[in-house]
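**Student:** Following this message is one structure expressed as structure tokens.
Read-outs throughout are calculated quantities, based only on the coordinates presented, and are distinct from any laboratory measurement. Predicted, not measured: the structure shown is a model, and the values here were computed from it. Cβ: placed from backbone, ideal geometry, glycine included. Neighbour counts: every protein chain shown.
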Amino acid sequence: MGNVEGFLSRCAEAREAIVRMREPLVVHHYDCDGITSGSIVAGSLEKMGKPYRAQSVRKLDDGFLASIAHEPEIIFVDLGSGTAGIDSLAGNVVAIDHHQQKSSSRLQANPHAFGFDGGTDVSAAGCAYFVFREFVELGVVGAIGDIQAPLRSLNALMLDDAVRQKAVAVEKDILLFGRNSRPLKQFLLYADEPYLPGITGQDDACDALLRELGIEQRQKGATGAEGGSAALRQKSAEQGEAGSEKWRTYSDLSFDERRALVSSLAKLVAMRSSQEAASRLVGDTYNLLRMPQGTLLRDASEFSTLLNACGRNSRPELGVSVCLQRAGAYVEAQSLLAEHRRNLRAGMDFASKNTQDIGKFLLLDARGAIPDSIIGVVAGMLYAGSRKKPILALSLEAPGKIKLSTRGTRALVEAGLNLGKILSECCAQVGGAGGGHNIAAGATIPEEKLNDFLKEFAARL
């Protein structure tokens, strides 16, 4: 266990420094954790009545840092700690981040400085929560979106606060997306977190599995939707109602039906993937009690997926508006979700057929096949925490530049793996830039340096 008091004291120091700012520029990352942490900062500044400007970026490169060099006050969120360039900025800088540190001359609320692991103990959203003590449910969503479940250490302290505030309720359940919102067949057909080999994307296989288990996809009985509100009628139409029947969701199943379905899926995943992957089908789920019922915002995992859809489709500012429940934002964000999940399914289909074992690590060369905006997500989904070697995934970031994403497991980290350190060292040798966590990291390198990078990467494993 790290130094909790020291970390919380640093968070309080960061808050005091931000309170003294007049009109800061908030710079945050574009993924779910970056969006939630940026939203906590933005929402907290709004509660203070303090004006601010916000900007989302994919990375802090020299060009971007040069563009903000004139700013007198900057708050970096889910960014900054791994970038020595922030030391050269002339203005007042505060970083709220959970990545491994390179720079230490600026005020940073960073768990690594106090003996915690930012890859597993707390996300940037959690750090932002401890700085402001506001929007605790967004801290939970950020941690879930950053694949830090089950929540432990500083995340667990935050969760205790959330439960005590009656903002979050925790229960054990299946972890597939759409427990309350998707008809059973779609629930299985579109499963990608986790991926179900032989079921995901296989229409006939979904029908066959439900028939084999004796689970009816429709339930009889009038719903009363015809005389209800327009919103209820729309929800009923989306669920596929026909007359007095409607499509059942996972939440409609009896206890015995749920148990049979989960057991069958676990056996399938264990056979096609691994026992560890199967064990990840069920876990803690987090219901956000202050969010609107009947929406994706009610479930932390589904909320995180919605935010990733915004960020990975170049609309992170929309994700911030969703977090702060601004008018019209949720409906607009939903339109991005279907495209995001289609892209993930296509990416998983490619990755499952094109990942190679090349000795010390697994290699997924997805250049031209999987967008750089989701390559890390696909690598994490494919990896599923069950491999005995790290995975390195490649995509094209821009002409002549390769985006690299790496993933490991907690067992590998406990055995000494530090992907953030490895990527940083490799990039120093080939003229790239990279870093991150010990369990997950990313980088950008010149395309012509790929072979040199692969040699350096293998040599450090």
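**Student:** If I histogram all Cα-Cα distances within the stretch 4-164 using bins 10 Å wide from 0, what percent of pairs lands in each bin?
**Tutor:** 12, 46, 35, 7, 0
**Student:** Related question: Within 10 Å of each candidate Cβ there may be at most 16 other Cβ atoms; applying that plus a DSSP loop requirement, which GluC sites (Glu not before Pro) in the stretch 308-415 survive?
**Tutor:** On the way: sites: GLU317, GLU332, GLU339, GLU397, GLU414; in loops: none.
Answer by residue number: there is no such site.
**Student:** Using the Cβ atoms and a cut-off under 12 Å, what net charge is assigned to the surroundings of ILE215, where Lys and Arg are +1 and Asp and Glu are -1?
**Tutor:** 0
**Student:** Roughly speaking, what % of Cα-Cα pairs in the stretch 254-328 are separated by over 18 Å, rounded to a whole number?
**Tutor:** 58 percent
**Student:** Pairs LYS267/LYS388; LYS403/LYS455; LYS50/LYS102: which exceed 23 Å Cα-Cα?
**Tutor:** On the way: LYS267/LYS388 21 Å; LYS403/LYS455 17 Å; LYS50/LYS102 30 Å.
Those over the limit are LYS50/LYS102.
**Student:** Rounded to the nearest 500, what is the chain's calculated 222 nm mean residue ellipticity when only DSSP H runs of at least 4 contribute -39500 (n - 2.57) each, over all residues?
**Tutor:** Calculated at 222 nm, the ellipticity per residue is -13500 deg cm²/dmol.
**Student:** Separation of the stretch 51-104 and the stretch 133-156 by C-alpha centroid, Å?
**Tutor:** One Cα centre to the other: 23 Å.
**Student:** How big is the shadow of the Cα convex hull of the chain, averaged over all directions, in nm²?
**Tutor:** Average projection, Cα convex hull of the chain: 22.0 nm².
**Student:** Ok, one more. Excluding ILE86 itself, calculate the net charge of residues whose Cβ lies under 14 Å from the Cβ of ILE86, where each Lys or Arg counts +1 and each Asp or Glu counts -1.
**Tutor:** Within the 14 Å Cβ shell, the charges total -4.
**Student:** Related question: In the chain, which longest range has no trypsin sites (Lys or Arg not before Pro) that are both DSSP loop (not H, G, I, E or B) and surrounded by at most 12 other Cβ atoms within 10 Å?
**Tutor:** In the chain, the maximal stretch lacking such sites is 167-325.
**Student:** Also, I was wondering about something else. Out of the DSSP beta bridges found with both residues in the chain, what percent are antiparallel (nearest 5)?
**Tutor:** 60 percent
**Student:** For the stretch 331-432, what mean projected area does the convex hull of the alpha carbons give, in nm²?
**Tutor:** 7.9 nm²
**Student:** How large is the charge dipole for the chain, taken about the Cα centre, if only the Cβ atoms of Lys, Arg (+1) and Asp, Glu (-1) carry charge, to the nearest 20 debye? Spell out each step's value before the answer.
**Tutor:** Values: 53 positive and 55 negative charges, 76 e Å.
I would put it at about 360 debye.
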